[in-house]
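Only one structure is covered here, and it is reproduced in the block below.
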Amino acid sequence: MAKPRKKILIVNCYFPELREAIRRRNEVPDALAPVLLGGYFSTEHCEVRLYNEVNSGFIEVFEPGLLGWPDLLVMTGLTATFDRLLHITAYAKTANPKVIVAAGGHAVRCLPHYAERFLDYTCTGDVEQIREVIRDALGPEYLASEFKPRYDLAYWIRLLGYAESTRNCNFKCSFCSLTGVGLKYAPQGKGYLEAQMEAMGKRAIFFFNDNQAMGDSQDAFRERLACVQRRREAGQFRYWAGFVTDTFFWDEDNIRLARDTGCLSLFVGVEAFDNSMWLKSVNKKQNSRMNQVELISKCLEAGIIFQYGLVYDPTVQTLDEMYAQLDLVCDHPEIPAPNFIFMAIPFPGTPFFHDRLAKGQILPNTRVRDLEGSTLSLKPVDALEDVVHFVRNGRNFRGYRKRFLAHQARFLWHYRKHLGRDQMLLSTLTAAAILVPGYFSSPGAALVRKRPRTNVSSTEMLDPVYTPRLPVAAAYRSWFEPTFVTDAGGQLNPALEDDALAMRYKRPGERMKLAAPA
Ligand code: B12
Ligand code: SF4
C-alpha cells in the first residue's frame with residue numbers, strides 16, 4: 001500500500017531585537033539549519049515547507065494558517081528563542097493534537113533537560129540527527145535516499161549560498177555558547193560540502209557559515225577552499241566569504257590565497273581592541289598575540305573587507321574603556337567600522353555564566369529571552385543608567401556621527417587602491433547598518449509603532465507574542481510564561497539547574513531523548 005504523504009514544517013524561530021512583530025528582510029548572515037534539515041526528507045513521500053521568522057516575522061502573526069498544517073513540526077533557533085519553541089508547539093498542538101514536534105539548535109542545546117518537558121523529540125545532535133527522528137516518528141520510507149539540502153525552499157537567501165563546512169570551534173572563549181555546549185571542532189567531509197554547493201546552484205557569494213572556517217590545519221582548509229574555487233572557476237560563484245579567527249591572518253599565505261580565490265570579506269570576532277587583560281580573562285588569547293590593527297590592515301590591503309563585532313562586558317569593563325574603543329575606531333582610518341557591538345551574554349552552561357552567577361552579577365528576573373546582545377543582563381561596574389545610555393546610543397555610534405562619517409570617508413580613501421567597487425559598497429553598507437540599525441535589514445520596521453524599551457533584563461518588556469493571539473488548549477497556556485534564568489533575588493531558576501550547572505555532553509546525539517509522541 002502506498003504510504004500517505006506527510007506534511008513537514010521546519011521553522012527557524014526568532015525574537016527580533018526591537019521586541020515588536022517585524023520582519024528582517026535583508027539579514028546577513030542568516031539561518032542555514034532549516035535548509036539542511038529539509039534535505040533529509042524524502043521528496044516523494046513528504047511535502048516540506050520552510051519558515052524563517054528572521055525574514056518572515058512571528059509565524060502566528062504573519063502566517064497563522066501554517067500552524068495547523070504539519071504532521072511533523074521541526075524547529076531550530078538561537079538560545080534567546082527558547083520560549084518561541086514553546087509558543088509554536090502550543091499553537092501547533094492545539095490546532096492538531098496529533099502533530100509531532102522535534103527541535104534542536106542553540107536553544108535546545110542550552111537547556112536540553114528542561115526542553116524535554118515540552119518536546120516530543122529533543123535533539124542535541126547535528127542536523128543529520130533528524131534522520132533518527134524521521135525513522136522513529138514517521139518510518140524509514142520518509143527518509144531521503146540522498147541528502148539534498150533544500151535551498152530551493154529557502155526563500156530568504158538568494159544572492160548568498162550559505163554552507164557549513166565545519167562545526168563548533170577549536171577555541172573555548174569563556175562567554176561563548178559553543179564553549180558551554182562543549183562539542184569538539186568537527187570539520188565535515190568533502191562530500192557534505194559538495195552536496196550543499198551542488199544544491200545551492202549559482203550564487204553571487206559562497207558563504208562559509210561556520211564559526212571558524214580554519215580551525216583545523218591550513219592544508220585541510222585549503223582543500224575545502226579548493227572545492228569552492230573549482231566551482232568559482234566554472235562560474236557558479238563570484239566571491240566567497242566566511243568566519244575565521246585572528247589565527248587566519250598570522251600566515252600571510254592565507255591572506256594571499258584568500259585574495260587569489262575571490263574572497264570578498266572575512267568576519268572575525270575582535271571583541272575588544274587594546275584590552276588584552278579582558279581578552280585573557282575570557283580565554284580569548286588568540287586575539288592578543290599579534291597587533292590587531294596590523295592584521296586588519298593586511299587583510300584590507302589584500303582587497304578583502306574585514307568585518308567584526310565588539311563585545312562589551314559591563315561587569316569588568318568601564319564605560320570609559322568602551323567609549324575609548326569608539327574613539328579608537330574613529331581615529332584610525334585603517335580600521336573599518338564594526339558590524340555590531342553587543343553586550344556580553346551570560347549563556348547558561350558557559351564558564352562565564354558560572355562565574356558571573358557565583359559573583360551575584362546576573363541581574364534579577366533575567367529571562368532566557370533576554371539573552372541577546374541588546375539587553376543588559378549583567379550588573380555593571382558603572383551606573384546602570386549610564387550603561388543603558390551606551391546600549392541605546394554608543395553601541396550605534398550616536399554622539400559620534402560626524403566623526404564616524406568622517407572616519408568612513410577617510411577609511412575608503414585610505415584603501416582606495418586596494419578595494420574594488422563591490423568591497424567599497426559592502427563597507428559602506430556595513431557602516432550604515434551600525435549607524436541606522438534595522439534600516440536596511442528590516443525596512444518595514446520604520447512603520448511599526450515601537451513601545452519604549454528599558455534595555456535592562458529585570459525591567460524589559462516582553463514581545464507582544466507572549467500574549468497568545470490564537471486559540472491555545474488549557475494544557476499549554478502556561479507555556480506563554482517567560483522562562484526565567486534568575487529569580488527576583490538573582491538566584492538561578494531551580495528548573496534550569498541541571499542544564500545551567502551541568503557538565504556538558506561530549507558527542508552529538510548522546511543526549512537525544514526519543515520520547516513517545518504525546
Ligand atoms: C546566521 C547567524 C545569525 C543570524 C540569524 C540566526 C538564526 N538562526 O536565527 C542573526 C544575524 C539574526 C544572528 C544574530 C545574533 N547572533 Co548569531 N549567528 C549566526 C551564525 C553566523 C550562523 C548560524 C548558522 O546558520 N549556522 C549553521 C547551522 C547549520 O548551524 P547551527 O544553527 O549552529 O546548527 C547546528 C546544530 O545546532 C544542529 N541543529 C540546529 N538546529 C537543529 C534542529 C534539529 C531538529 C537538529 C536535529 C539539529 C539542529 O545542527 C547544526 C550542525 O549541523 C552563527 C555562527 C555559526 N557559524 O553557526 C552565529 C551565532 C549563532 N550567533 C551568535 C550570537 C551571539 C548572536 C547575537 C547575540 C549577536 C548580536 N549581534 O547581538 C545575535 C542574537 C540575536 C537575537 N535576537 O537573538 C552565537 C550564539 C548565539 C546563541 N547561542 O544564541 C553564534 C554561535 C556565533 C558565535 N560563535 O558566538 N545570528
Ligand atoms: S573563537 Fe568565536 S566561536 Fe570560537 S569559542 Fe571563541 S567566540 Fe566562540
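Among L435, L426, which is the only one that is closer than 22 Å to D260 by Cα, in contact (Cβ under 8 Å) with a residue 24 or more places away in the chain and of a type in the set (A, V, I, L, M)?
Residue meeting the stated conditions: L426.
Looking only at residues that are farther than 21 Å from F41 by Cα and near ligand 1 (Cβ under 8 Å from one of its atoms) in the stretch 98-132, which one is most open to solvent (accessible area, probe 1.4 Å)?
Restricting to residues being farther than 21 Å from F41 by Cα and near ligand 1 (Cβ under 8 Å from one of its atoms), the top hit is H106.
Residues to consider are V28, V61; find the one that is modelled with pLDDT under 95 and surrounded by fewer than 23 Cβ atoms within 10 Å (Cβ to Cβ).
The conditions single out V28.
Name the residues in the stretch 122-158 that are part of a helix (DSSP H, G or I), touching a residue at least 40 places away in the same chain (Cβ under 8 Å) and over 26 Å from the mean Cα position of the chain (by Cα), would you?
D136, A137, E141, Y142
From the list K298, K284, pick out the single residue that is surrounded by fewer than 22 Cβ atoms within 10 Å (Cβ to Cβ) and farther than 17 Å from H407 by Cβ.
Result of the check over K298, K284: K298.
Can you list residue pairs whose Cβ atoms sit under 7 Å apart, with the first residue in the stretch 1-25 being at positive phi and the second being surrounded by fewer than 24 Cβ atoms within 10 Å (Cβ to Cβ)? Count only pairs 6 or more apart in sequence or on different chains.
R19/R453; R19/M461; R19/D463
With the requirement that a residue be within 10 Å of L435 (Cα to Cα) and aromatic (F, W, Y), what does the stretch 384-407 give you?
Passing the criteria: F397, Y400, F404.
Identify the single condition in (1) within 10 Å of ligand 1 (Cβ to nearest atom); (2) in contact with a Lys or Arg (Cβ under 9 Å, 6 or more places away or on another chain) that Y192 does not satisfy, given that it satisfies every other one.
The number of the failed condition is (2).
Go through (1) among the polar types (S, T, N, Q); (2) over 13 Å from V368 (Cα atoms); (3) open to solvent by 20 Å² or more (accessible area, probe 1.4 Å); (4) under 27 Å from the mean Cα position of the chain (by Cα) one by one and return the number of the condition N455 breaks.
Every listed condition holds for N455 apart from (3).
Are any of the residues in the stretch 365-376 over 25 Å from the mean Cα position of the chain (by Cα) and surrounded by fewer than 22 Cβ atoms within 10 Å (Cβ to Cβ)?
No, there is no match, as no residue in the stretch 365-376 is over 25 Å from the mean Cα position of the chain (by Cα) and surrounded by fewer than 22 Cβ atoms within 10 Å (Cβ to Cβ).
Of the residues Y185, Y142, which single one is more than 11 Å from ligand 1 (Cβ to nearest atom) and open to solvent by 20 Å² or more (accessible area, probe 1.4 Å)?
Unique residue meeting the criteria: Y185.
Can you name every one of the helices (runs of 4 or more DSSP H) wholly within the stretch 372-435 that holds 2 or more residues which are at pLDDT below 95?
Hits in the stretch 372-435: 421-435.
The values are calculated or read from the model by the stated rules, or taken from the named source; none is laboratory data. Computed from a predicted model, the values in this text were never measured in an experiment. All Cβ positions, even for glycine, are placed from backbone atoms using ideal geometry, and neighbour counts span all protein chains on display. Only protein heavy atoms, including side chains, enter the accessible area calculation; ligands, DNA and RNA are left aside. Shrake-Rupley method; radii C 1.70, N 1.55, O 1.52, S 1.80 Å.
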